[in-house]
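The values are calculated or read from the model by the stated rules, or taken from the named source; none is laboratory data. Given the structure is predicted, the values throughout are model-derived calculations rather than measurements. Note: ideal-geometry Cβ built from the backbone for every residue, glycine included; neighbour counts use all protein chains shown. Ligands, DNA and RNA are stripped out before the accessible areas are found, and what is left, the full protein with its side chains, is counted by its heavy atoms. Shrake-Rupley method; radii C 1.70, N 1.55, O 1.52, S 1.80 Å.
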Amino acid sequence: MEKCTRLGHLELHKNKLRSIDGLDNCRNLSTLILSNNEIEKIENIPPNNFELIDLSNNKIKVMENLQNCQTEEIDLSNNLI
């Protein structure tokens with residue numbers, strides 16, 4: 001996703017993703033939907049101003065690594081928190 005610098009909305013739900021990677025150059029990303037995957041840890045989310053981060057229905061155990069993210073809404077429902 002190195003060349004997706006203007007990407008504003010990314011929706012990758014139900015893809016059996018296990019980690020969050022490759023978003024470093026997505027500086028304009030404001031909506032990130034990664035629900036219904038197999039993500040266990042919140043990491044590698046760029047420090048953007050998000051409208052929505054949806055990590056619901058994953059396997060996240062601890063709510064951490066969000067200190068640099070500014071978001072209006074984050075959905076962590078149905079995880080192991």
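Summary of computed values
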item	result
Selection from segment 12-27 of residues that are open to solvent by 90 Å² or more (accessible area, probe 1.4 Å), at negative phi and out of contact with any Asp or Glu (no Cβ under 6 Å at 6 or more places or on another chain)	ASP21, ASP24, ARG27
Neighbours by Cβ (under 6 Å, 6+ apart or cross-chain): first from segment 21-48, free of Cβ contacts under 8 Å to residues at least 60 places away in the same chain; second part of a strand (DSSP E or B) and surrounded by 16 or more Cβ atoms within 10 Å (Cβ to Cβ)	SER30/PHE50; LEU32/ILE53; ILE33/ASP54; SER35/ASP54
Selection count, segment 28-76, where residues are open to solvent by 50 Å² or more (accessible area, probe 1.4 Å) and either over 20 Å from GLU2 (Cα atoms) or touching a helix residue (DSSP H, G or I) at 6+ places or on another chain (Cβ under 7 Å) (or both)	19
Hits in segment 9-41 (condition: assigned to a loop (DSSP other than H, G, I, E, B), hydroxyl-bearing (Ser, Thr, Tyr) and within 19 Å of THR71 (Cα to Cα))	SER30, SER35
